[in-house]
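Here's the structure, in structure tokens; my notes come after.
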Amino acid sequence: MGAGEDRISALPEELLHAILVELRCARAAARTSLLSRRWRHVWAHLPEIILDDHDTTRRPLPGAVDAALAAFSATPAPLERLHIHIRFLRHGSSSRWVQASRVAPWLRFASEHVVGDLRLFVPLPDVDGEEEELELPACPRAKTIILSLPGSWRLRPQLPGLFAALTSLLIGYGRMEASELTDLVSKHCPVLRDLGIIINLVAVSDVSLLSGSLQSLQFSVRNTRRLEVIAPRLEKLFVCRPTNKARISCPKLAELVWNGGAYDPSHHKFEDVGHHLQLLEIEQRAASLMRQFVEVDKLKLHISIPRGTPGYKRLLNETNQLPKCRTLYISLLWHNHGISRAMLHLLRGCNSTRKVSVNLIDSRGRLLAHYSCPLSCPCRSVKSARIDDIALSVLEEVELDNFTSSNDELEFLEKLSRCNATLLKKLVINSAYYPTTPLTKAICEKVHSMWRPNVNVEFYVFLGGRRVRFD
């Protein structure tokens with residue numbers, strides 16, 4: 001070939017498409033049309049369009065989206081991926097937010113062309129905007145849809161219409177009618193497997209999700225009065241802000257996360273669920289949910305001990321019965337009570353636990369190295385300090401996060417070292433994150449001296465954002 005000949009333009013179109021796909025940016029791909037006549041329309045035949053506004057100095061992205069979709073509309077090729085991520089909308093010194101009417105044609109385009117992955121992220125205004133309606137047309141060939149919308153937008157699925165190939169759906173923010181949400185999931189997504197709904201309902205209403213295909217559900221919906229989930233194949237359920245009433249029928253349920261509200265067995269009914277879970281994660285005020293299950297592979301408890309004697313008594317009552325669990329993770333949000341006595345209380349229910357992991361934090365998100373409570377509080381009683389009724393016969397590992405070297409933490413470690421835990425092999429202590437670590441050589445030696453020689457005690461600190469060994 002001659003010295004000035006364009007060898008790249010001579011490549012087959014399939015290879016040119018592969019080159020442009022690697023750019024991962026429709027804007028950059030479109031600019032290759034300036035190279036030569038051969039490149040002019042190559043980018044419009046790509047299997048994907050990815051538009052992500054990383055640069056705040058560029059012209060607003062919506063115009064680029066309109067141009068890209070218009071160019072692609074002239075081709076009959078299906079689109080594997082359509083990703084539109086609007087981070088900024090700036091013009092001069094003023095900020096503007098995209099309107100729902102501007103986004104609606106993009107979704108109509110997606111309903112006709114996308115055969116794979118549709119992702120649309122629209123920036124959230126600093127203040128609540130006026131309510132706008134956004135129509136969601138049926139996308140019969142899309143397999144994944146992820147929508148992140150302003151909270152003032154009302155999403156209106158255009159029903160009837162079938163999302164025949166949709167297996168994964170995530171709707172973040174925005175508002176919906178409960179009846180439209182129910183119909184969308186229960187009647188128009190026949191092969192949906194993964195569902196995430198993080199929205200507000202237009203009005204306080206009941207939501208009923210009936211699906212024979214659903215396998216995982218994340219449900220965080222404000223204004224839900226009663227939630228009904230009937231899903232014979234559901235394995236993972238995450239409920240945030242639980243409703244006043246609920247009926248859950250999921251015979252294959254394996255993982256359950258219940259956050260943001262109390263559990264009342266008289267109003268929250270779990271029907272046709274087994275007695276064994278792989279994961280159960282709950283807050284203290286939903287502790288009675290543990291009684292629904294006999295065995296849990298991994299139990300995660302978020303414990304909050306309020307101020308005063310009534311708060312500690314509530315802890316004792318709500319956690320007096322733990323299911324059998326192999327791994328116990330405790331996030332202890334403690335306030336004006338001792339760590340040691342609370343942990344000893346929880347360990348009394350761990351006779352089948354192999355690993356215990358504890359994260360110590362306070363109610364303000366900062367570490368608390370001191371406490372005070374009345375002498376009449378149960379946490380001060382002699383009984384609460386007993387260890388002869390704690391049997392940790394299969395415990396092999398303990399991990400303590402956010403260690404501050406406080407006297408109460410050292411008391412807990414000393415008492416734990418004298419518990420009946422003959423199989424314990426490893427103790428990991430992760431120091432709290434400060435500009436300088438509270439750990440010292442003297443503290444490490446003191447902790448080492450508490451334990452049998454065959455227990456491997458490891459200390460870690462954070463230096464420059466990295467976790468490193470401290471010995």
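The values are calculated or read from the model by the stated rules, or taken from the named source; none is laboratory data. Owing to the predicted nature of the structure, the values given are computational and were not obtained by experimental measurement. Note: ideal-geometry Cβ built from the backbone for every residue, glycine included; neighbour counts use all protein chains shown. When the accessible area is computed, the model is the full protein with side chains, heavy atoms only, and any ligands, DNA or RNA have been set aside. Shrake-Rupley method; radii C 1.70, N 1.55, O 1.52, S 1.80 Å.
Observations
- From largest to smallest, the equivalent ellipsoid semi-axes obtained for the stretch 146-235 from the alpha-carbon gyration tensor read 19, 15, 12 Å.
- Charge context of I230, other residues only, Cβ under 14 angstrom, K/R +1, D/E -1: +2
- Given +1 at the Cβ of Lys and Arg, -1 at the Cβ of Asp and Glu and no other charges, the dipole of the stretch 97-226 around its Cα centre is 400 debye to the nearest 20.
- Taking all protein chains into account, the per residue accessible area for the stretch 400-465 stands at 49 Å² (1.4 Å probe).
- A104-K252 FRET efficiency (beta carbon distance; Förster radius 45 Å; 0.05 resolution): 0.75
- Per residue Cα convex hull volume in Å³ - calculated over the stretch 319-362: 66 Å³
- A simple spin-label model places pseudo-atoms 7 Å from Cα toward Cβ; at T309 and H275 they are separated by 3.8 nm.
- What the stretch 218-346 shows is 41 Å² of accessible area per residue, with the surface traced by a 1.4 Å probe over protein heavy atoms.
- Annotation: R119 carries an accessible surface of approximately 80 Å², with a 1.4 Å probe and no ligand, DNA or RNA atoms counted.
- Here the accessible area of the stretch 248-311 is 49 percent carbon and sulfur, with a 1.4 angstrom probe and all protein chains present.
- Translational diffusion coefficient (Stokes-Einstein; Kirkwood radius from C-alpha pairs) of the stretch 177-281 at 10 °C, 1.306 mPa s, in µm²/s: 117 µm²/s
- Counting Lys and Arg as +1 and Asp and Glu as -1 over every other residue whose Cβ lies under 10 Å from the Cβ of A165, the net charge comes to +2.
- Total formal charge among the other residues, if their Cβ is under 12 angstrom from that of G261, Lys/Arg +1 and Asp/Glu -1: +2
- Note on the stretch 111-226: with neighbouring protein chains present and a 1.4 Å probe, carbon and sulfur make up 47 percent of its accessible heavy-atom surface.
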